[in-house]
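Taking it in order: structure first as structure tokens, then the write-up.
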Amino acid sequence: DAGVIQSPRHEVTEMGQEVTLRCKPISGHDYLFWYRQTMMRGLELLIYFNNNVPIDDSGMPEDRFSAKMPNASFSTLKIQPSEPRDSAVYFCASRGQNTGELFFGEGSRLTVL
Amino acid sequence: SQQGEEDPQALSIQEGENATMNCSYKTSINNLQWYRQNSGRGLVHLILIRSNEREKHSGRLRVTLDTSKKSSSLLITASRAADTASYFCATDKTGANNLFFGTGTRLTVIP
């Protein structure tokens, strides 16, 4: 397996633009997590899915953020409209049903100018 | 917040020395995990210790857990320059499936 795959790896956009980050979890994993990492706030859990269903989105900072998982092999995190304070590295991670270990993607580094 | 706190925030040692990092957390947990992150990369799982375990070993890693003090430590023995990275503890609250990460310890191993 290629591991968790995220795209794009880097994105630079201007304030007000829509940003879509994508994630392909490891095949067979039932859980998918979106995290955001900044120097100031560390790693923040934004939302997680179990069997494609959002379970806890209490970490989503604002209504500008939305996440979907239309099927077991794909998830998106969308920011609309984007703001400079959204600049961060966004990580997707997945795990199996009976294990605690998370497998992380390499992250999407977002810069909003 | 259930987020853990690592101590120290940064640690610099000579190659061959041992490195000890500590983690404190706030609520009852199922498991505690340690992860490593190289600069510009994703996190990689190192070791998981369950709440009913007190110590666990994996290669040069030794993890302890004290649930009465809500704390854990990660010991890396005979450190190598390649161990240079940030190390995070992560906890999952009893009855929950989400994992919360601490603030991390930045380890630098000088060759």
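The values are calculated or read from the model by the stated rules, or taken from the named source; none is laboratory data. Worth saying up front: this structure is predicted, and the values here are computed from it rather than measured. Reconstructed Cβ throughout: ideal geometry from the backbone, glycine too, with neighbour counts over all protein chains shown. What goes into the accessible areas is simple: the full protein's heavy atoms, side chains included, and nothing from ligands, DNA or RNA. Shrake-Rupley method; radii C 1.70, N 1.55, O 1.52, S 1.80 Å.
Which one of B:90, B:19, B:81 has the biggest mean-square fluctuation once chain B is modelled by GNM with Cα springs under 10 Å?
It is B:81.
Straight-line reach from residue A:68: which aspartates and glutamates have Cα under 14 Å away, leaving out those fewer than 8 places along the same chain?
Cross-link targets: A:56, A:57.
Rounded to the nearest 10 Å², what accessible area does residue A:69 show when all protein chains are kept and the probe is 1.4 Å?
20
In cubic angstrom, how much convex hull volume per residue do the alpha carbon atoms of chain B span?
On the way: hull volume 10.2 nm³, N = 111.
Cα convex hull per residue, to the nearest whole number: 92 Å³.
What list of ³J(HN,Hα) couplings, whole Hz, do you get for segment A:8-23 from phi and the Karplus terms 6.51, -1.76, 1.60, once you set θ to phi - 60° and write x for glycine and proline?
Computed from phi, the couplings for segment A:8-23 are x, 6, 9, 9, 10, 9, 9, 3, x, 7, 7, 10, 10, 9, 10, 8 Hz.
Considering only A:46, A:32, A:102, give the residue with the highest GNM mean-square fluctuation for chain A, with springs between Cα atoms whenever their separation is below 10 Å.
A:102
So how exposed is residue B:70, as accessible area in Å² (1.4 Å probe, rounded to 10)?
We get 60 Å² for residue B:70.
What residue among A:85, A:22, A:95 shows peak mean-square fluctuation when chain A is described by a Gaussian network model with Cα springs under 10 Å?
For chain A, modelled as a Gaussian network with Cα springs under 10 Å, the answer is A:85.
Please list, by residue number, every one of the chymotrypsin sites (Phe, Trp or Tyr not before Pro) in segment A:30-113 that is coil in DSSP and has at most 13 other beta-carbon atoms within 10 Å.
Numbers: sites: A:31, A:33, A:34, A:35, A:48, A:49, A:65, A:74, A:90, A:91, A:103, A:104; in loops: none.
Answer in residue order: no site qualifies.
Give the lysines whose C-alpha is closer than 28 Å to that of residue B:69, dropping any in the same chain fewer than 8 places away, or say none.
Excluding near neighbours in sequence, the set is B:26, B:56, B:93.
Over the Cα atoms of the protein assembly as shown, Rg to Rh with Kirkwood Rh, two decimal places? Walk me through the numbers before you get to the answer.
Details: Rg = 17.5 Å, Rh = 18.0 Å.
Rounded to two decimals, Rg over Rh is 0.97.
Using every Cα-Cα pair within chain A, state what percent have a distance larger than 22 Å.
On the way: 1582 of 6328 pairs.
The answer is 25 percent, as a whole percent.
Check residue B:84: other-chain or 5+ apart residues with amide H under 5 Å from its amide H, H built from backbone geometry?
HN-HN under 5 Å from residue B:84: B:109.
What does the charge count around residue B:73 come to, taking other residues whose C-beta lies under 14 Å from its C-beta (Lys +1, Arg +1, Asp -1, Glu -1)?
Values: positive: B:54, B:56, B:62, B:69, B:70; negative: B:5, B:6, B:7, B:53, B:55, B:66.
Net charge around residue B:73: -1.
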